[in-house]
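What follows is a set of notes on a single structure, which appears directly below.
The values are calculated or read from the model by the stated rules, or taken from the named source; none is laboratory data. A quick note: this is a predicted structure, and the numbers were derived from the prediction, not measured. FYI the Cβ positions are ideal-geometry reconstructions off the backbone, even for glycines, and counts take in every protein chain you see.
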Amino acid sequence: MLLYRIITAALLISFATFLWFYEDGFLFPLLILVSHAGIYMEWLTLLNTSRTQKISGLVALTFIFIIVINGKASQNLLLVLLFSSFLFWFLISPAVVFNKYRISKRISGIVAFIMCLASMIALYYAFTEGLMFLLSTLALVWIIDTGAYFTGKIFGHRKLFPTVSPNKTWEGVYGAFFMFFTYSLFMINTDGTWQDFALYNFGTWWLIVLSLVLFFVAIFADLFESKLKRTSGKKDSGNILPGHGGLFDRFDASLAVGPLIVFFNIIGTRL
């Protein structure tokens, strides 16, 4: 299981990095579109939606993404989309995890569409900002996931939310935070990362607040996806990635952190 996880992660990182270096402006955006299309389909499968809704949503997702990458969408509308994504992951997803709020099936389908669209646009923007910006955005989630996984496996015994995800522990969260803190200290001194941009545009305290918020939404995005799986009676969202499950299993937290990072980066460039 662990070996499969490592091999799959290494292949994904290598493949994505190769496409970025190819830099023809087509293959990496295509990877973004294909991966998010897979995430969207898996999300709707967990919601048990109809095939018609899946296909129509996929067509709309593709059409809007093409419009955006061709520079024909208002930046102000994109900012609203990115901030709406943040509000969902910061406010609504914890409420769903804690059983304080229940989203109807129809609204859930709309939420899946908006979250995937916001993440697609955020990753494309990160792609256009450069390799270090893109990798520092993606690495944030990889670091948190890796820290939580290994610390939880070795030291974990106090369950985080056993009714939602029996394998997640408080020790895993502490380990994830330690890894995230260490990673952030390193990235602050690396040119071109989102931490470098945030520090330059907003200062130290805003960077600290933003980092804490990103850690919070990453943890709850993972728990939210676990909640969806438990509600639908499935162990994984899919089986396309050996050792990880589905695309949604692997990139759930990426959906949450990317839009917020890009939102603040765009705001920073306007100051």
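A few comments on the model shown:
- Test: residue in the range 151-167 that is in contact with a helix residue (DSSP H, G or I) (Cβ under 9 Å, 6 or more places away or on another chain), closer than 30 Å to VAL34 by Cα, surrounded by fewer than 20 Cβ atoms within 10 Å (Cβ to Cβ) and without any contact (Cβ under 8 Å) to a residue 24 or more places away in the chain: yes
- Per-region count, the range 178-232, residues under 28 Å from VAL96 (Cβ atoms), under 19 Å from the mean Cα position of the chain (by Cα) and of a type in the set (Val, Ile, Thr): 4
- Filtering the range 186-218 to residues that are surrounded by 19 or more Cβ atoms within 10 Å (Cβ to Cβ), under 17 Å from PHE90 (Cβ atoms) and β-branched (Val, Ile, Thr) leaves only VAL217.
- For the residues THR45, THR49, THR62, the requirement of being of a type outside the set (D, E, K, R) and either at pLDDT below 85 or part of a loop (DSSP other than H, G, I, E, B) (or both) singles out THR49.
- Where a residue in the range 93-107 is on the phi < 0 side of the Ramachandran plot and surrounded by fewer than 13 Cβ atoms within 10 Å (Cβ to Cβ) and its partner, wherever it lies, is in a loop (DSSP other than H, G, I, E, B) and not polar (S, T, N, Q), with Cβ under 8 Å and at least six apart: LYS105/LEU47
- Residue satisfying condition, being out of contact with any Pro (no Cβ under 9 Å at 6 or more places or on another chain), surrounded by 11 or more Cβ atoms within 10 Å (Cβ to Cβ), at pLDDT 90 or above and of a type in the set (Ser, Thr, Tyr), within set SER84, SER35, SER56: SER56
- The listed residue being out of contact with any Cys (no Cβ under 8 Å at 6 or more places or on another chain), at pLDDT 85 or above, over 22 Å from THR193 (Cβ atoms) and not acidic (Asp, Glu), out of VAL141, VAL111: VAL111
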